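All remarks here apply to the structure that follows.
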Amino acid sequence: MATRPAPAPRPAHRLTRPDTRVYVGDCREILPRIPACARGEVDLVFADPPFNWQVKYDEWHDGLPRDEYLRFTERWLDLCVDALAPHGALWVNIPDDTAAEIVVHLKNERRLHMINWCVWHYRFGQNRMGSFIQSKVHALYFVKDPKNRVWNPGEVLEPSDRATTYFDPRTDNKKAGVNGLRVPMDVWYGRYWGRIQGNNAERRARHKNQLPEVYLERVIRACSDERMLVLDPFLGSGTTGVVARELGRRFIGVEYSPANAASAFERIKAGAVRVRKGEPTRQVTAIFPPRRRGASV
């Protein structure tokens, strides 16, 4: 007798215009049962998984044996790759511990193409004396087909150092329509890019490792179009859903903890703090003060 397919899960929380769904459970069990994921219709995946750092999440055990953690990682990665549309992109936010293993798996086992290995840099690293202070997380950007991908550089341009610091007239390229702007470099930092701590306006109580809105804004604007479908298999504090909804994308989020899912959904309903649909966040990230206008470059 043929086995009946598992029924599609019902979202625990949902909004419309654009369609926004939050599912509760283990993403390894939920994703294969979501029709859009099973059919490979997701345009963009952003994953910020547990780091296995013994963090006290609400229900998830964040101290798996290393081999078990790697099997867990490969399983959810495979499900995310399977959920992607042919033009889709996969972003993974991960620290030093597991970045290399993820890159090898996606390149060798799943035959994805790496577009960028970016770094999110912050100035609030935990102090230590036994090694250099860790102040970064890796942002890995993969696609199924580099010749058939969504890429919107005009949506994420930022002021160029040559324009803001050196006043180089060559940056005033009216023909290209950029006028002192450039695509961001692959190390990301600046105002609003720090870790979300304490009384930060974006801070969501009870959640761990909350990402800044501008991080997700850059990923979502660059790698998806309005009304496309964004998936986050580890919803956490809800940043991906907040920004996706603000920018007019459809969204699917999966969260292991019912309490955290409810809290993230309340934040999604409340809306973004920094990001606005019609106003891309563009900040000067130069590390030197402006030089005298007309000085040699």
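A few remarks follow.
- Residue within segment 6-21 that is β-branched (Val, Ile, Thr) and within 21 Å of residue 208 (Cα to Cα) present: no
- Condition check for residue 28: at pLDDT 95 or above, assigned to a helix (DSSP H, G or I), in contact with a Phe, Trp or Tyr (Cβ under 8 Å, 6 or more places away or on another chain) and surrounded by 13 or more Cβ atoms within 10 Å (Cβ to Cβ): yes
- Screening 266, 279 for residues that are at pLDDT 95 or above and among the acidic types (Asp, Glu) leaves exactly one candidate, 266.
- Search result, residues across segment 52-81 that are touching a Ser or Thr at 6+ places or on another chain (Cβ under 6 Å) and surrounded by 15 or more Cβ atoms within 10 Å (Cβ to Cβ): 58
- Checked against (1) touching a Gly at 6+ places or on another chain (Cβ under 6 Å); (2) surrounded by 15 or more Cβ atoms within 10 Å (Cβ to Cβ); (3) polar (S, T, N, Q), residue 20 passes all but a single condition, namely (1).
- Taking the numbered list (1) at positive phi; (2) modelled with pLDDT under 95 in turn, residue 17 passes all entries but (2).
- Residues of segment 38-73 that are charged (D, E, K, R), within 18 Å of the chain's Cα centre (by Cα) and closer than 20 Å to residue 104 by Cα: 48 alone.
- For residue 207: the one exception among (1) modelled with pLDDT of 85 or more; (2) touching a Gly at 6+ places or on another chain (Cβ under 9 Å): (1)
- Scanning segment 208-228 for residues that are crowded, with 20+ Cβ neighbours inside 10 Å and over 14 Å from the mean Cα position of the chain (by Cα) gives a single hit, 228.
- Scope segment 37-46; condition under 15 Å from residue 89 (Cα atoms) and either assigned to a helix (DSSP H, G or I) or in contact with a Phe, Trp or Tyr (Cβ under 6 Å, 6 or more places away or on another chain) (or both); matching residues: 37, 46
- Elements of type helices (runs of 4 or more DSSP H) contained in segment 211-297, each with 2 or more residues being polar (S, T, N, Q) and under 22 Å from residue 16 (Cβ atoms): 239-246
- Complete set of residues in segment 229-250 that are buried (at least 23 other Cβ atoms within 10 Å of the Cβ), within 16 Å of residue 90 (Cβ to Cβ) and of a type outside the set (Lys, Arg): 230, 231, 232, 233, 240, 244
- Taking first residues from segment 55-76 that are under 18 Å from residue 25 (Cα atoms) and modelled with pLDDT of 95 or more and partners that are assigned to a loop (DSSP other than H, G, I, E, B) and hydrophobic (A, V, I, L, M, F, W, C), the Cβ contacts under 8 Å between residues at least 6 apart in sequence or on separate chains come to 72/64.
- Subset of segment 56-94 (residues that are among the hydrophobic types (A, V, I, L, M, F, W, C) and more than 28 Å from residue 36 (Cα to Cα)): 64
- Residue ID - modelled with the lowest pLDDT, chosen from residues in segment 169-179 that are assigned to a loop (DSSP other than H, G, I, E, B) and surrounded by fewer than 17 Cβ atoms within 10 Å (Cβ to Cβ): 176
The values are calculated or read from the model by the stated rules, or taken from the named source; none is laboratory data. All figures in this text were calculated on a predicted structure; none of them were measured in a lab. A quick note on method: Cβ atoms are made from the backbone with ideal geometry, for glycine too, and the neighbour counts reach across all protein chains shown.
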